[in-house]
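See below for the structure under consideration.
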Amino acid sequence: MKPSASRSLRLFIAVLLCLAFAPHPSRAQTFDLDSGRLPITQIDSAWRFHLGDNPQWSQPAFDDSTWQTLKPTEDWTTQGIPTGTEFVWFRFHLRVAAHTGSLVIELPTIPKSYQLFADSQLIAQVGTLPPGPAHNVIGAYRVFTIPVNSGPHPKDVAITLRLWQDPHFAGTRPSIVEGSVFIGSSDTILDHFTATKSADLLSDGSIYTIDVVKLIVGLSAAILFWLTRERFYLWYAITLLVDACFFLSDLISAHQAWDFSLYTYSNILLDIVTAVFFILFIVDALYPGSWKPAILPALLMLIADGAIVLVLAFNFSKTAADITYCVCEGSSSLVLVWYLIRSLRSGNFYAKLLIFPLAIHTLGDLGNNIGYFLLDLNIRFGLKLIPTRYFVFHHPFAFNFAQLETLIALFGFLAALVYRFAITSREKQRLASALQAAHDIQNKLVPVDIPTIGGLRAEIVYRAAEEVGGDFCQVLPRPDGSILVAIGDVSGKGLQAAMLGALAVGALRSVADELLPPAAALERLNQVLLRTQSEGFITCLCMVLTELGEVTIANAGHLSPYLDGAEIFVESGLPLGIISGVSYEQREFELPAVARLTLLSDGVVEARSRTGELFGFERTSELSRRPASEIADTAHHFGQEDDITVITLDWNAVYLIPA
């Protein structure tokens, strides 16, 4: 973490004055805090270092004059410390004024585990070091108190840093003190530390800005999903909300000293989740309801992140892993672009919405991946392709081209989401109007006012399997005092089936006025349907019941009726609307003095339980003795799959006897 140039003016001037008037140290690794009684001093100009590990090196009397010196805020590998070094010690001396009880040292981020000693006394430790279990942690700015107790005379204090890096991670983390080191009085250092942290937070303003936009767009997508229940919006909401966790992970890991492996694996997981849900978002937009196109780009991203796991777990080549990541992630982006191009060619409307934001998103990814791929091959031209190297502005915080691309893509995707929501909302309004019209038609397929004659009482119950069903029934009075009863089932469901059912009902009402017998009524109805040239067909049972309980019945492919629980055999002809010239057989019989005649659609017989068991004819026969409402409810709870229509006709000849 680099110190920012936007620290408070007061502290900045104080530091400049301290550096301007501080005397030159008598030895390269000695910093004199006594000469000018300075409240704060920068102490990173020259430190002595030595490779290896020896507890004696923390002793104040140890002679370090033969150790080499380096500037800790510059890359150590260019100053004599090899990349794969496991242990390195740093030493410098402080000349502290008399009557100084303690000092406070401010250490910036050091991407290694370390121990801080003052005159061989262990002051602090970050991470864990050998011997024993050891692991590196994520570094951050920290302050530590150094006891001095100089008494009446100035005192020399030997400051020692013992650093260790996990050899598995050698070269994956920088070898440098990422900022300036300061030491001084408690109040001054703590004020300076607070100002430094504030400046660092401000320097990350571009990251905050992007993450805030991600959260806003992500929450917007989540709201759209809640309103529509379309997974398209859910996938993008998850993508952005998880992606925003990267910065949160950085903050928490730095301040809570997370284990470096834990931090890296958690970020790998975030990267995989973000990539997979983004892929699902694009695929669901281009291929609604299909997930198979997501397999290839998702697999490429798993290989990309798997290469990093190989580095951490099996000491895989870092260069090879980086090349693998760049190639696989870039290939995954290109696969999505190819899907988009194919969808554009097929006229997919949503592909047109996504072309701009996905193009911006892909260009940024490709520039970054190709750039680092070339650098892995030692081709310096790759630096020119990395968008993070180019800045839109530097104040009040730096904002680079990669972040600009991300911002443009975010707003582009948001515009696509909102436009899609507007289009689908209008379509739903249109369908709602059509559905309401279908409901109006449906209400005419099942009579509300049921006529009665003599000792007949009728009950009709209808349950649609969908918003609009294809069943219909009618109980119509005829001029001669008899009643025409018809029940039918239109093939298919929805609005088209309802329209065909409405046509059949209209024809039945015309037939009722003409006093045609049931067989002739079905033949007339068949011709009417054939003239419509509709693709569907209708099964229909037609019956005429007189005031004396005489029944004439004909059947066009429908279920036979039940009389007091026993099926009445009626010759079944072809369903209506298939071929012309079909004739139908009739059957005549008289009802007993007290009887229940039950007519129903196949939605009762074909009800299916969760285990796949059919309701069946045996149950239907037993149930046919019960009222229509009980029959329909039983079949519905068993497992309704089709429209259910039940008519029960209760006949009682007693009502026919004159008073």
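The values are calculated or read from the model by the stated rules, or taken from the named source; none is laboratory data. What you are looking at is a predicted structure, and each value in this text was computed from that prediction instead of being measured. FYI the Cβ positions are ideal-geometry reconstructions off the backbone, even for glycines, and counts take in every protein chain you see.
Tabulated data
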quantity: Residues of region 580-626 that turn out to be small (Gly, Ala, Ser) and farther than 23 Å from residue 525 by Cα, as a count; calculated: 8
quantity: Some residue of region 79-99 being within 29 Å of residue 253 (Cβ to Cβ), small (Gly, Ala, Ser) and either surrounded by fewer than 22 Cβ atoms within 10 Å (Cβ to Cβ) or under 42 Å from the mean Cα position of the chain (by Cα) (or both); calculated: yes
quantity: Unmet requirement for residue 564, which otherwise passes all of (1) surrounded by fewer than 16 Cβ atoms within 10 Å (Cβ to Cβ); (2) modelled with pLDDT under 90; calculated: (2)
quantity: Filter result for residue 273 (under 16 Å from the mean Cα position of the chain (by Cα), at pLDDT 90 or above and in a helix (DSSP H, G or I)); calculated: yes
quantity: Among (1) within 37 Å of the chain's Cα centre (by Cα); (2) closer than 28 Å to residue 262 by Cα - the single one residue 216 does not satisfy; calculated: (2)
quantity: Number of positions in region 605-623 that are touching a helix residue (DSSP H, G or I) at 6+ places or on another chain (Cβ under 7 Å) and among the small types (Gly, Ala, Ser); calculated: 3
quantity: Extreme residue, modelled with the lowest pLDDT, among residues of region 444-490 that are touching a strand residue (DSSP E or B) at 6+ places or on another chain (Cβ under 8 Å) and of a type in the set (Asp, Glu); calculated: 471
quantity: Residue in region 528-546 that is surrounded by the most Cβ atoms within 10 Å (Cβ to Cβ), counting only those that are in contact with a strand residue (DSSP E or B) (Cβ under 9 Å, 6 or more places away or on another chain) and in a helix (DSSP H, G or I); calculated: 529
quantity: Where a residue in region 599-620 is under 13 Å from residue 636 (Cα atoms) and outside the structural domain of residue 464 (by TED's automatic domain parsing) and its partner, wherever it lies, is among the polar types (S, T, N, Q) and exposed (fewer than 14 other Cβ atoms within 10 Å of the Cβ), with Cβ under 9 Å and at least six apart; calculated: none
quantity: Residue within region 381-394 that is in contact with a Phe, Trp or Tyr (Cβ under 6 Å, 6 or more places away or on another chain), among the β-branched types (Val, Ile, Thr) and under 18 Å from residue 203 (Cα atoms) present; calculated: yes
quantity: Those residues of region 251-270 which are in a helix (DSSP H, G or I) and either in contact (Cβ under 8 Å) with a residue 12 or more places away in the chain or among the aromatic types (Phe, Trp, Tyr) (or both), in sequence order; calculated: 253, 254, 255, 260, 261, 263, 264, 265, 266, 267, 268, 270
quantity: Selection from region 380-396 of residues that are in a helix (DSSP H, G or I) and of a type outside the set (Gly, Ala, Ser); calculated: 380, 381, 383, 384, 385, 387, 388, 389
quantity: Test: residue 289 is surrounded by fewer than 20 Cβ atoms within 10 Å (Cβ to Cβ), without any contact (Cβ under 8 Å) to a residue 40 or more places away in the chain and not in a helix (DSSP H, G or I); calculated: yes
quantity: Within region 559-585, tally of residues that are charged (D, E, K, R) and either over 30 Å from residue 531 (Cα atoms) or in contact with a Lys or Arg (Cβ under 6 Å, 6 or more places away or on another chain) (or both); calculated: 2
quantity: Qualifying residue in region 129-141 (condition: part of a strand (DSSP E or B), over 16 Å from residue 43 (Cβ atoms) and not aromatic (Phe, Trp, Tyr)); calculated: yes
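Yes/no per residue for (1) hydrophobic (A, V, I, L, M, F, W, C); (2) touching a residue at least 12 places away in the same chain (Cβ under 8 Å); (3) more than 24 Å from residue 458 (Cβ to Cβ):
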residue	(1), (2), (3)
501	no, yes, no
513	no, yes, no
516	yes, no, no
525	yes, yes, no
534	no, yes, yes
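Per-residue answers, yes or no, for (1) assigned to a helix (DSSP H, G or I); (2) in contact with a Lys or Arg (Cβ under 6 Å, 6 or more places away or on another chain); (3) within 26 Å of residue 418 (Cβ to Cβ):
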{"position": "327", "(1), (2), (3)": "yes, no, no"}
{"position": "335", "(1), (2), (3)": "yes, no, no"}
{"position": "340", "(1), (2), (3)": "yes, no, yes"}
{"position": "358", "(1), (2), (3)": "yes, no, yes"}
{"position": "361", "(1), (2), (3)": "yes, no, yes"}
{"position": "365", "(1), (2), (3)": "yes, no, yes"}
{"position": "368", "(1), (2), (3)": "yes, no, no"}
{"position": "373", "(1), (2), (3)": "yes, no, no"}
{"position": "378", "(1), (2), (3)": "no, no, no"}
